[in-house]
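Working notes, beginning with the structure itself.
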Amino acid sequence: MDNQDYGDIIEERRKRIFSFRNLLFLIISLVIIYFFLKQIDVAGTLTVISNIKISYILIIFLLYCLSNYLKSLRFMLMLKDKQIKHSDMFTIVSYQNFFNLILPARTGELTLIYYLKKIGGLRVSTGLHSLLLSRFMDLMVVAVIFIISSYFYWGRALPLPLLVISLIILSGSLLLVFRLGLMLNLAKKIIETFTKLSGLRDKKIIQKGIDLVDKFRDAIPEYNSKTDYFLFIAVTVVIWINFYIIF
């Protein structure tokens with residue numbers, strides 16, 4: 001390879017490193033780090049960490065890795081027909097959890113969709129369905145845990161409004177987990193009927209909205225086996241048990 005080739009390679013890498021996109025990501029990363037460090041007492045944090053036993057840190061680290069592994073396993077079960085490597089899914093979930101820790105209002109959740117597309121090559125609608133399904137399962141498990149714990153705390157004196165709200169949340173999450181496609185079809189029919197009666201059916205924005213509903217519905221995998229749902233829920237329960245142990 002002559003000097004001209006080396007020069008071309010160096011120039012190409014220089015352009016890649018100093019591209020607008022990479023510089024923008026660098027600036028965003030520095031801003032995030034700045035606000036992150038501004039919110040914490042660095043010296044105090046280091047002092048606390050130095051007083052923690054190494055064995056505790058190791059246990060928490062292993063449990064955190066187990067949590068990421070279980071979450072990646074759940075997504076692997078959801079996307080079993082997409083042929084994504086488990087190592088790639090573990091990386092995607094790790095990115096998601098990292099951004100969830102540093103971004104406000106759990107906006108880091110959306111990075112799952114981005115990395116499923118970038119690393120896994122999946123459509124945005126498929127990533128969105130996987131994210132929503134996992135969150136509906138979490139909501140379902142949390143609702144069950146809340147009802148059980150509330151009963152043990154209050155017994156038969158459990159406030160009726162609290163029980164009703166919990167059952168509504170549980171029922172809604174069950175519908176969204178097991179009958180999401182049916183719910184989308186129902187939503188589409190309601191939108192079509194309303195827009196037809198109101199004379200808005202031919203508006204471009206309405207057409208785009210209906211098309212998005214169709215794309216999202218088509219992205220929903222067919223889970224024909226009850227075993228699939230049982231595995232989803234079982235892994236979700238284990239995830240929350242592990243979460244409880246960590247915190």
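All of the numbers you see were taken from the coordinates with simple rules; none came from a lab. Keep in mind it's a predicted model, so treat the numbers as computed, not measured. A quick note on method: Cβ atoms are made from the backbone with ideal geometry, for glycine too, and the neighbour counts reach across all protein chains shown.
Could you please let me know if TYR244 is loosely packed, with under 14 Cβ neighbours inside 10 Å, of a type in the set (Phe, Trp, Tyr) and part of a helix (DSSP H, G or I)? Spelling it out, TYR244 is indeed loosely packed, with under 14 Cβ neighbours inside 10 Å, of a type in the set (Phe, Trp, Tyr) and part of a helix (DSSP H, G or I).
I'd like to verify a number: residues in the range 49-58 that are surrounded by 10 or more Cβ atoms within 10 Å (Cβ to Cβ) and in a helix (DSSP H, G or I), how many? Full working, then the answer.
Filtering the range 49-58 for residues surrounded by 10 or more Cβ atoms within 10 Å (Cβ to Cβ) gives 52, 57-58.
Add one more test, that the residue is in a helix (DSSP H, G or I), and what stays is 57-58.
Going through the range 49-58 one residue at a time, the tally reaches 2.
The conditions of being touching a Ser or Thr at 6+ places or on another chain (Cβ under 9 Å) and surrounded by 12 or more Cβ atoms within 10 Å (Cβ to Cβ) are not met by ARG179. Of all residues in the range 81-102 being in contact (Cβ under 8 Å) with a residue 24 or more places away in the chain and part of a loop (DSSP other than H, G, I, E, B), which is surrounded by the most Cβ atoms within 10 Å (Cβ to Cβ)? Taking the candidates together, the pick is ILE84. Applying the condition of being in contact (Cβ under 8 Å) with a residue 40 or more places away in the chain and over 15 Å from the mean Cα position of the chain (by Cα) to the range 124-169 and asking which residue is surrounded by the fewest Cβ atoms within 10 Å (Cβ to Cβ) yields ILE145. Residues in the range 113-122 that are in contact (Cβ under 8 Å) with a residue 24 or more places away in the chain and surrounded by 17 or more Cβ atoms within 10 Å (Cβ to Cβ): TYR115, LEU116, GLY120, LEU122.
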